[in-house]
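Asks: Please read through the structure below; I'll follow up with questions.
Taken together, the values in this text are just the output of simple stated rules run on the coordinates, not laboratory data. Note that the structure is predicted; figures quoted are calculated from it, not measured. Reconstructed Cβ throughout: ideal geometry from the backbone, glycine too, with neighbour counts over all protein chains shown.
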Amino acid sequence: MSDEPNNEPTNNVEASVGGVTQTVTATLPIHLLFKHPRYYELVVSASHLREDHPEAAVVMAQSAVEVFVARAFDALLIHHGVDDTIRQPLARCIPDHTFQDRETCRLWHALTGERIKTAPTWKRFDEEVERRNRVIHAGEAVTPVDATAAIEACVGLIKHMQDVLRRLLRPND
């Protein structure tokens, strides 16, 4: 996907410059949703950690998904015309960013028409959420191979969501 916006939909967007936040009418740069540094850098960091710190890699990969999901819901709410005064508090009410809560899944379905748990990558991702929970809450040790599986599952779900969002948010070509 090119870094050049092409006929992106127009929306109100918050822009921060020098600590001052202002709402402006601008295009929604869908391409930035797919190349957002935070989630991408978390995946890269997880990859660097997988050999020496596989537990941290598992947690970091999951964090990448959570960051992407938050941005995806924000883009979907904008796409559906939800005003900033409602969108921002509503986004904070999303129960989780790993689709473990039924209401998060229902909101994704309402906004995309897709059931996330039918995604081809869902089963592997769901298993990795369980692994991450065991790492964090039970101190489970994992191997570099386990960390690689977690990273791949998380990246797989991100790519699936990207495909869904591309179909939904890009104007008809």
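Asks: Mind listing just one residue for me: the one in segment 114-163 that is part of a loop (DSSP other than H, G, I, E, B) and among the polar types (S, T, N, Q) and, of those, farthest from SER47 (Cα to Cα)?
Replies: Among those that are part of a loop (DSSP other than H, G, I, E, B) and among the polar types (S, T, N, Q), it is THR121.
Asks: Please specify each residue of segment 149-163 satisfying the condition of being touching a residue at least 40 places away in the same chain (Cβ under 8 Å) and surrounded by fewer than 19 Cβ atoms within 10 Å (Cβ to Cβ).
Replies: HIS160, GLN162
Asks: Which ones in segment 82-106 are touching a residue at least 24 places away in the same chain (Cβ under 8 Å), touching a helix residue (DSSP H, G or I) at 6+ places or on another chain (Cβ under 7 Å) and assigned to a helix (DSSP H, G or I)?
Replies: Across segment 82-106, there are no qualifying residues.
Asks: Can you pull out the residues in segment 117-129 that are closer than 17 Å to GLN162 by Cβ and in contact (Cβ under 8 Å) with a residue 24 or more places away in the chain?
Replies: ALA119, PRO120, THR121, TRP122, ARG124, PHE125
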